[in-house]
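Enquirer: Structure incoming, see below.
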Amino acid sequence: MTIDIGPNAVDGAGSAPGGGTILLLGAGRMGGAMLRGWLAQGVPASAIAVADPSPAPDLVELAARTGVRLNPVDGAPVDTLVVAVKPQMVESAAAGVQAALAPRTLVLSIMAGKTLADLRRLFPAAGSVVRAMPNLPAAVGRGATVAVAEAGCPADRKARAESLLTAVGSLEWLADEALVDAATALSGSGPAYVFYLVECLTRAGVEVGLPADVSERLARATVEGAGALMGATGQPAAELRAGVTSPGGTTAAGLSKLMADDHLQSLLNATLRAAAQRAAELGGTGPKA
Ligand SMILES: NC(=O)c1ccc[n+]([C@@H]2O[C@H](COP(=O)([O-])OP(=O)(O)OC[C@H]3O[C@@H](n4cnc5c(N)ncnc54)[C@H](OP(=O)(O)O)[C@@H]3O)[C@@H](O)[C@H]2O)c1
């Protein structure tokens, strides 16, 4: 479905800090999380419009409560167009928002696999283009996002992209777009690796005698707690590990198996290689699957 954004989509009554007006194209899981992050960070609701043909009830409620404009039909160029539709929907979605583009417009895309060149083709009248790749924990404000800007993107527009992306977690700028596939393999797919670690720890806990439900709760809480500790201390992971490993103790006995012959390292190397190759295939930067 296409939404036509004509003149005055965002009336400019409010403006995002350092950011001006924003049009969010697609407010599903990720776009909706970003929208909530911006509002929590103090971006004025009057600076934001959302284009989504079938908004979820909680989005309709949020818009009514905050004053974010939903599906405006009278549009004007915006300062930032955030593209958060599924990649396969973007051709038709883009057709409906061409009137929102002007030389001052930054297009900030979070679509997997859509390159800077794709974005330039889809949004030719935009002044600048930034491609970002968040991950699932962005939904709870703890995302790990990477971003790459089109050559020549002015610093103030990169700063604008940065302030919108860091509303849902951390951000790493990449100097080379080719690195997006590698980052996708690590941080994009990474939450699934960690969930699998919890599954394996749960089964291993059962193996050493714990009831399955107790084992599952302990595995979850251990991963959550270890992550929170790493975040709170900022200490390198290797230092934290050494700190809980007394010579001859139980952790040392466990790690002697886990770290033997670098098996786990080799496995993770192969894991990221496979994921990066698949990202390249899907994104059109490598051989097709
Ligand atoms: N979820 C993740 O972990 C993750 C991580 C990194 C990147 N991303 C990227 O983020 C993007 C969004 O993913 P998501 O998980 O948030 O998907 P999603 O929940 O399906 O959200 C997409 C939203 O766009 C709406 N939409 C469809 N056609 C549209 C149109 N023509 N105009 C405006 N809005 C339209 C959809 O409405 P309907 O539901 O009615 O179709 C939906 O609300 C994708 O490009 C994905 O690659 C997601």
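The values are calculated or read from the model by the stated rules, or taken from the named source; none is laboratory data. Small disclaimer: the values here were computed from a predicted structure and weren't measured. Neighbour counts run over all protein chains shown; Cβ positions are idealised from the backbone, glycine included. Accessible surface areas use protein heavy atoms only, side chains included; no ligands, DNA or RNA. Shrake-Rupley method; radii C 1.70, N 1.55, O 1.52, S 1.80 Å.
Enquirer: Say whether the condition of being loosely packed, with under 15 Cβ neighbours inside 10 Å, within 30 Å of V148 (Cα to Cα) and not hydroxyl-bearing (S, T, Y) is met by at least one residue in the stretch 200-223.
Expert: no
Enquirer: Are any of the residues in the stretch 43-61 within 22 Å of the chain's Cα centre (by Cα), over 17 Å from R131 (Cα atoms), in contact (Cβ under 8 Å) with a residue 60 or more places away in the chain and open to solvent by 10 Å² or more (accessible area, probe 1.4 Å)?
Expert: Yes, the conditions are met somewhere in the stretch 43-61.
Enquirer: Exactly one of (1) open to solvent by 60 Å² or more (accessible area, probe 1.4 Å); (2) touching a Ser or Thr at 6+ places or on another chain (Cβ under 7 Å) is unmet by M259. Its number?
Expert: It fails just one condition, (2).
Enquirer: Let me ask something else. Scan the stretch 66-87 residue by residue and report those that are of a type in the set (K, R) and away from the ligand (no atom under 11 Å from the Cβ). Step through it out loud before you land on a result.
Expert: We begin by selecting, within the stretch 66-87, every residue of a type in the set (K, R); these are 69, 86.
Once the filter is applied, which keeps residues that are of a type in the set (K, R) and away from the ligand (no atom under 11 Å from the Cβ), the stretch 66-87 yields only R69.
Enquirer: I'm trying to understand the selection: among the residues of the stretch 105-114, which are modelled with pLDDT under 95 and more than 13 Å from the ligand (Cβ to nearest atom)?
Expert: The answer is none; no residue qualifies.
Enquirer: Looking at A45, A102, A95, A63, which one is assigned by TED's automatic domain parsing to the domain that holds P134, under 20 Å from L164 (Cβ atoms) and within 15 Å of the ligand (Cβ to nearest atom)?
Expert: A63
Enquirer: Still on this model: What tally of residues in the stretch 134-159 results from selecting those that are open to solvent by less than 20 Å² (accessible area, probe 1.4 Å) and either outside the structural domain of A33 (by TED's automatic domain parsing) or within 11 Å of the ligand (Cβ to nearest atom) (or both)?
Expert: Number satisfying all stated conditions: 6.
Enquirer: Now for a separate question. Can you find even one residue in the stretch 160-178 that is away from the ligand (no atom under 16 Å from the Cβ), part of a helix (DSSP H, G or I), of a type outside the set (G, A, S) and open to solvent by 20 Å² or more (accessible area, probe 1.4 Å)? Spell out how you get there, then give the answer.
Expert: First, the residues of the stretch 160-178 that are away from the ligand (no atom under 16 Å from the Cβ): 160, 162-163, 173, 175-176, 178.
Right, trim to part of a helix (DSSP H, G or I) and you get 160, 162-163.
Okay, now just the ones that are also of a type outside the set (G, A, S), so 160, 162.
With the extra rule that they be open to solvent by 20 Å² or more (accessible area, probe 1.4 Å), the set shrinks to 160, 162.
Scanning the stretch 160-178 turns up at least one residue that is away from the ligand (no atom under 16 Å from the Cβ), part of a helix (DSSP H, G or I), of a type outside the set (G, A, S) and open to solvent by 20 Å² or more (accessible area, probe 1.4 Å).
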